[in-house]
Amino acid sequence: MWAQPCGIPDSLKLALDGERTGGATAAGAAKNVRDRYPANYFAHRAWQDLNIDRGVFAADVQIDYRALRDEHPDDPLYLTLYARALTGTRTPEALTVLESALAKQPGYPYAHLEMVEIYTSPMFRDDQKLRVHLLAYRKSCPTVLAAYTMVGRIDDAGFLRESAAGLRPLLERRTDPEALAAYDKLWTMEFKGVPLTAQQEVRERVRGDVAKLRGMELSANPSLAATLLQGYKIVGDAEGTKWAEGLPGNQSALSPATEAINKWRFANPPSKSASYQDYRALLAQKADEWIREWPDDPRARAEKYWTCTWDGPLEESTRAAEEWVRTYELHPGGSPAPYDSVVQFYVGKNTHFDELLGLIEKALKQIKEVPQASLSDLYPPRTIPRAEGDSSKWWSLSNAAHAYIELKEYGKARELLAKLRASLLADKLPADAPQSEKAHYAAGEQFYWSTNSRLAHVEGRKLDEFAFLRNAYLTFRTDEPASYQDDRLNAMKSLWKELHGSEEGFEAFMNPPGGTPKPPDPEPPKPEVVSTSGTWTPREKPLPEFQFSDAKGKTWQLADLKGKVTLINLWATWCGPCRAELPYLQKVYDKVRERKDLQVITFDTDDSLGLILPFIAGNKYTFPVMPAVDYVRKLVPDLTIPRNWIVDADGVLRSEKLGFGSGDDKWVDDMIATMEKARK
């Protein structure tokens with residue numbers, strides 16, 4: 001057992017390649033190699049990893065390895081493999097099995113490796129145990145890169161410096177792709193090991209690394225382009241960064257038209273125009289310019305379509321729709337598929353019915369299934385927002401069903417409504433689901449009931465139509481205009497009268513004793529709604545102790561927040577909305593910096609701390625910046641940014657707001673008003 005290498009042996013790699021060359025599937029090749037090398041940990045691991053669904057190993061994998069454990073009860077190899085098969089479904093039991101493997105052979109490296117992987121997960125995170133098992137693994141396998149690179153999330157500057165010092169000589173002796181990709185991890189560890197004000201020596205080492213890496217063959221090392229780009233950003237080399245951005249693998253997935261349009265839209269939100277008509281005219285003018293510059297890019301055509309269909313003449317709108325579809329089909333990509341929107345437009349305008357069937361079929365082919373949320377107990381429940389991801393699918397199904405109704409293809413409409421209902425039932429939300437997911441789910445339900453009511457109407461099933469309308473009405477959504485609810489209510493009243501019901505009967509039916517009350521009318525925006533990104537959410541959570549040194553060398557602790565209301569902005573250099581928000585945050589900081597009752601600080605959440613100083617220097621930001629990625633991740637395992645926290649004078653997180661819609665002076669004033677409200 002001790003003779004086994006710490007890495008995958010070349011003989012195993014050759015065996016796997018040979019099996020695949022022979023025509024075996026990946027799973028079949030891995031199983032054949034596992035059977036040929038029954039005592040090799042990596043052979044078993046390769047086969048296990050091909051039998052994972054939604055983050056957990058298949059039940060038959062657990063059965064197989066329980067049987068192998070029973071056949072070899074004293075062998076740490078099979079104990080470790082059984083524990084690995086349990087990880088994700090019965091992780092506490094897996095830890096117990098790993099402890100028994102280490103009791104039989106304390107230095108067994110793979111048991112320590114499995115412990116490391118468990119203790120780095122959000123639900124079992126334990127830095128002290130992680131460090132113990134990482135050191136044990138490193139002692140047994142001192143030349144394996146993972147024994148050093150897995151340390152990056154530990155919040156211990158001394159341990160990070162020690163690990164980086166061990167990793168650097170390993171990388172300097174190697175030029176293989178795995179080693180070249182590990183430089184980013186090395187730099188992360190080196191920068192985390194020193195305060196922001198002591199980064200210059202580290203930055204010079206990175207400069208030397210980048211100079212060496214640039215001389216290597218790019219075509220033989222696909223990951224080298226990303227490593228070089230990160231290195232140039234860290235050393236603040238604008239020319240090198242521009243060169244690296246142009247390398248294959250680093251080029252933006254967005255088309256030039258999409259990048260330009262996104263940039264313009266963000267800089268010119270509707271709120272900056274005097275009126276809706278002014279904004280539409282401005283956007284229409286820009287759309288014509290984009291089409292002249294990028295005639296084959298569907299995103300430019302999409303912008304023209306949206307400006308026309310707002311309130312343009314039917315002929316102009318129809319022509320824009322046709323051009324969007326034509327350009328997209330010649331050059332797919334660059335914008336969302338046009339089919340759903342154009343189908344809805346044609347149905348609403350009672351035009352182009354001869355083209356609807358083809359467009360509907362294309363729209364349905366575009367539906368993508370959202371990956372199901374992980375079932376693993378290593379992560380918080382529902383790490384994938386199902387309702388939010390599925391809402392586009394629900395809209396597509398409803399939209400297509402509605403179009404089939406207009407085409408009198410009622411059987412096809414029913415088929416799609418059945419699929420929509422099945423999807424809604426499969427993704428029923430728990431009571432504690434986030435409000436944003438509930439809003440998306442309510443939209444899906446309303447699509448279903450409204451389309452059913454339309455189908456019942458054209459088929460003359462008035463009682464069914466009334467029932468479906470009522471369900472659509474009771475599926476209340478706060479994100480739609482109140483006029484939509486008024487229209488549904490008026491339609492129900494009219495239908496009730498056709499069915500010979502009285503006004504008193506209608507009121508009684510809609511408000512039964514102890515039954516579902518009438519949904520309230522939408523409330524006007526509350527003062528807490530400070531931007532288009534959403535509302536402030538109450539949190540009422542005392543912040544844990546912290547100690548950070550900011551970019552100017554000042555040490556901050558939780559005590560520095562006491563006595564003032566503090567706005568804490570969470571951001572990262574790679575986050576586009578964060579970069580758009582920070583100039584307005586700077587304005588907030590400038591306005592309150594001399595006040596005794598309010599203050600602004602920021603928590604940077606970059607893993608690579610070497611990016612922070614070049615970024616804030618290049619943008620001339622002066623607000624306090626603290627590297628707080630590990631602190632923040634412990635508070636918010638499923639971190640999304642940008643995020644703003646309001647912390648009261650007692651150090652209690654009172655409320656937070658996610659996202660950034662668009663910036664203007666009103667955003668600045670509203671942010672300060674929110675801070676002042678918390679002070680009161």
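The values are calculated or read from the model by the stated rules, or taken from the named source; none is laboratory data. Computed from a predicted model, the values in this text were never measured in an experiment. Every residue, glycine among them, receives a Cβ derived from its backbone with ideal geometry; neighbour counts consider all protein chains shown. Keep in mind that these areas ignore ligands, DNA and RNA; they rest on the heavy atoms of the full protein, side chains included. Shrake-Rupley method; radii C 1.70, N 1.55, O 1.52, S 1.80 Å.
Among the residues of the stretch 535-585, the one identified as closer than 18 Å to D630 by Cβ, acidic (D, E) and surrounded by fewer than 19 Cβ atoms within 10 Å (Cβ to Cβ) is E545. Across the stretch 16-30, the number of residues qualifying as surrounded by 18 or more Cβ atoms within 10 Å (Cβ to Cβ) and modelled with pLDDT of 80 or more comes to 2. For the structure I just gave you, tell me whether L68 is closer than 18 Å to P380 by Cα and of a type outside the set (K, R). In short, no. Counting only helices (runs of 4 or more DSSP H) that fall entirely inside the stretch 178-240 and contain at least 2 residues that are touching a Pro at 6+ places or on another chain (Cβ under 8 Å) and either modelled with pLDDT under 95 or surrounded by 22 or more Cβ atoms within 10 Å (Cβ to Cβ) (or both), the qualifying elements are 224-235. Residues of the stretch 416-462 that are surrounded by 15 or more Cβ atoms within 10 Å (Cβ to Cβ) and within 18 Å of L364 (Cβ to Cβ): L416, L417, K419, L420, R421, S423, L424, G444, F447, Y448, T451, L455. Set side by side, the residues A442, A456, A426, A418 differ, and just one is closer than 30 Å to L357 by Cβ and modelled with pLDDT under 90, which is A426. For R593, work out the one condition from (1) in contact with a Gly (Cβ under 8 Å, 6 or more places away or on another chain); (2) open to solvent by 10 Å² or more (accessible area, probe 1.4 Å) it doesn't fulfil. Unmet for R593, out of (1) in contact with a Gly (Cβ under 8 Å, 6 or more places away or on another chain); (2) open to solvent by 10 Å² or more (accessible area, probe 1.4 Å): (1). Scanning the stretch 628-651 for residues that are within 17 Å of C575 (Cα to Cα) and open to solvent by 30 Å² or more (accessible area, probe 1.4 Å) gives R633, D638, L639, T640, I641.
Given the conditions (1) under 33 Å from the mean Cα position of the chain (by Cα); (2) buried (at least 16 other Cβ atoms within 10 Å of the Cβ), report the number of the one that L170 does not fulfil. Single failed check for L170: (1). Those residues that are farther than 30 Å from G236 by Cβ and either outside any loop (DSSP other than H, G, I, E, B) or at pLDDT below 90 (or both), I need them from the stretch 636-657; list them, please. Matches in the stretch 636-657: P637, D638, I646, V647, V652, L653, R654, S655, E656, K657.
Against the definition (in contact (Cβ under 8 Å) with a residue 40 or more places away in the chain and either in a helix (DSSP H, G or I) or surrounded by 14 or more Cβ atoms within 10 Å (Cβ to Cβ) (or both)), how does V343 come out, yes or no? When the stated conditions are applied, V343 passes them. Restricting attention to the stretch 257-290, and to residues there that are among the aliphatic types (A, V, I, L, M) and either modelled with pLDDT under 85 or open to solvent by 50 Å² or more (accessible area, probe 1.4 Å) (or both), which single residue is nearest to G576 (Cα to Cα)? Applying the filter and picking the extreme gives A267. When T307 is tested against (1) within 30 Å of A401 (Cβ to Cβ); (2) out of contact with any Pro (no Cβ under 8 Å at 6 or more places or on another chain); (3) open to solvent by 60 Å² or more (accessible area, probe 1.4 Å), exactly one condition is not met: (3).
Within the stretch 323-340, the set of residues being at pLDDT below 90 and either at negative phi or surrounded by 19 or more Cβ atoms within 10 Å (Cβ to Cβ) (or both) comprises P332, G334, S335, P336. Could you please tell me which pairs satisfy a Cβ distance under 9 Å, a separation of 6+ or placement on different chains, a first residue in the stretch 487-508 that is in contact (Cβ under 8 Å) with a residue 24 or more places away in the chain, and a second residue that is loosely packed, with under 12 Cβ neighbours inside 10 Å and of a type in the set (S, T, N, Q)? Sorted first by the residue in the stretch 487-508, then by its partner, the pairs are W496/S502.
In the set (1) free of Cβ contacts under 8 Å to residues at least 12 places away in the same chain; (2) within 29 Å of V206 (Cβ to Cβ), the condition left unmet by R593 is number (2).
Annotation for the stretch 6-13: at least one member residue is part of a helix (DSSP H, G or I) and either of a type in the set (D, E) or farther than 23 Å from L145 by Cβ (or both). For the stretch 310-330, the set of residues classified as within 27 Å of D278 (Cβ to Cβ), part of a helix (DSSP H, G or I) and not acidic (D, E) consists of W310, L314, S317, T318, R319, A320, A321, W324, listed by residue number.
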